[in-house]
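Colleague: One structure follows; several queries about it will come next.
The values are calculated or read from the model by the stated rules, or taken from the named source; none is laboratory data. Everything quoted here is computed from the prediction, not taken from an experiment. When we count neighbours, we look across all protein chains shown, and the Cβ atoms used for this are built from the backbone with ideal geometry, even at glycine. Keep in mind that these areas ignore ligands, DNA and RNA; they rest on the heavy atoms of the full protein, side chains included. Shrake-Rupley method; radii C 1.70, N 1.55, O 1.52, S 1.80 Å.
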Amino acid sequence: LYNNPFVRDLCYHDDEYQWHCLIQQRFPHAGLFEYAGWYGTVGEFMTLDEDAWLEELKVGCARIGRNLNDARGLIHSFCDTRETMHQLFCDLNAYGVACEDWELVFELRIKTGRRIRIYADVVVISPSCAFSLEFKMKDEAPQAEVDQAAKYIPYLQVVLGSHLPVFPALVLTRACDRFEVLTANNGLHVALASGDALFNVINEPLQFLK
């Protein structure tokens, strides 16, 4: 078990070979910061302007080994994601959703192989459920990108604990007024939402729009 790269990155055993997880599997998830490009509460995120947030994200990405090669517009995509998330929390506040203490993660490192790491774009964690959001600066998405949004869920379910449902979503920031539910090749249902309709993803399990 310890030779599994995913497990080895998350756990350790003591001298008596008792296993311990490095991330606390209850809210708030102490230890999650060590695997995140940026980690904090929604309230903390909303107090930061783009430059301050981006600087913190860059420092965090360097700490977790995230390559920041900008040849394909990575930094621009970070800022595009931030803008969409900022609007989401403004929308949730307008609907009366108390989300200031929710946990928020950008670029969560998941080690899937000895030299292979994948990074979940955004993870939003409420006390009752979590959301894994994969962002694309597009207005359409092929099936492969729906499948990509779903692939993080088995790992996140281990990280956060089986008691906390994790819902995947694919966010198209160039689309408008779009929300539907698709099926990934692994059988998971994946919400597909435009950036301006992202609050619908949060509403599905929480049901604040009644």
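Colleague: Looking at the range 135-152, which of its residues are open to solvent by 10 Å² or more (accessible area, probe 1.4 Å) and either in contact with a helix residue (DSSP H, G or I) (Cβ under 9 Å, 6 or more places away or on another chain) or in a helix (DSSP H, G or I) (or both)?
Modeller: Residues satisfying the conditions are Phe135, Lys136, Met137, Lys138, Ala141, Gln143, Ala144, Glu145, Asp147, Gln148, Lys151.
Colleague: A follow-up question, please. Mind checking whether some residue in the range 132-145 is modelled with pLDDT of 95 or more, of a type in the set (A, V, I, L, M, F, W, C) and under 8 Å from the mean Cα position of the chain (by Cα)?
Modeller: yes
Colleague: Please list, ordered by first then second residue, the pairs with beta carbon atoms under 8 Å, 6 or more apart or interchain, first in the range 74-97 and free of Cβ contacts under 8 Å to residues at least 12 places away in the same chain and closer than 16 Å to Phe199 by Cβ, second of a type in the set (Phe, Trp, Tyr) and open to solvent by less than 30 Å² (accessible area, probe 1.4 Å).
Modeller: Nothing qualifies.
Colleague: Separate question: Restricting to the range 183-199, name every residue that is surrounded by fewer than 18 Cβ atoms within 10 Å (Cβ to Cβ) and either in contact with a strand residue (DSSP E or B) (Cβ under 9 Å, 6 or more places away or on another chain) or farther than 12 Å from Ile153 by Cβ (or both).
Modeller: Of everything in the range 183-199, those that are surrounded by fewer than 18 Cβ atoms within 10 Å (Cβ to Cβ) and either in contact with a strand residue (DSSP E or B) (Cβ under 9 Å, 6 or more places away or on another chain) or farther than 12 Å from Ile153 by Cβ (or both) turn out to be Thr183, Asn185, His189, Asp196.
Colleague: Let me ask something else about it. Look through the range 77-118, keep the residues that are part of a loop (DSSP other than H, G, I, E, B) and out of contact with any strand residue (DSSP E or B) (no Cβ under 9 Å at 6 or more places or on another chain), and return whichever of them is least open to solvent (accessible area, probe 1.4 Å).
Modeller: Within the range 77-118, the match that is least open to solvent (accessible area, probe 1.4 Å) is Val97.
Colleague: Let me ask something additional. Of the residues Leu198, Leu160, Leu104, Leu209, which is among the aliphatic types (A, V, I, L, M), farther than 28 Å from Phe33 by Cα and touching a residue at least 60 places away in the same chain (Cβ under 8 Å)?
Modeller: Leu209
Colleague: Can you work out which of the residues in the range 24-52 that are within 14 Å of Ile125 (Cα to Cα) and among the aliphatic types (A, V, I, L, M) is surrounded by the most Cβ atoms within 10 Å (Cβ to Cβ)?
Modeller: Checking each candidate, the answer is Ala36.
Colleague: All but one of (1) touching an Asp or Glu at 6+ places or on another chain (Cβ under 8 Å); (2) crowded, with 21+ Cβ neighbours inside 10 Å hold for Leu160; which doesn't?
Modeller: Condition (1) is where Leu160 drops out.
Colleague: Which one of these does Glu55 not meet: (1) under 21 Å from Leu198 (Cα atoms); (2) open to solvent by 70 Å² or more (accessible area, probe 1.4 Å)?
Modeller: Here Glu55 clears every test but (1).
Colleague: Something else now. Hey, Val171 hits all of (1) aliphatic (A, V, I, L, M); (2) surrounded by fewer than 19 Cβ atoms within 10 Å (Cβ to Cβ); (3) under 24 Å from Gly96 (Cβ atoms) but one; which does it fall short on?
Modeller: The single condition Val171 does not satisfy is (2).
Colleague: Name the pairs: first residue in the range 110-122 and within 12 Å of Val159 (Cβ to Cβ), second residue assigned to a strand (DSSP E or B) and not charged (D, E, K, R), Cβ to Cβ under 6 Å, at least 6 apart or on different chains?
Modeller: Listed pairs, sorted by first residue: Ile110/Ile118; Ala120/Leu108; Ala120/Ser132.
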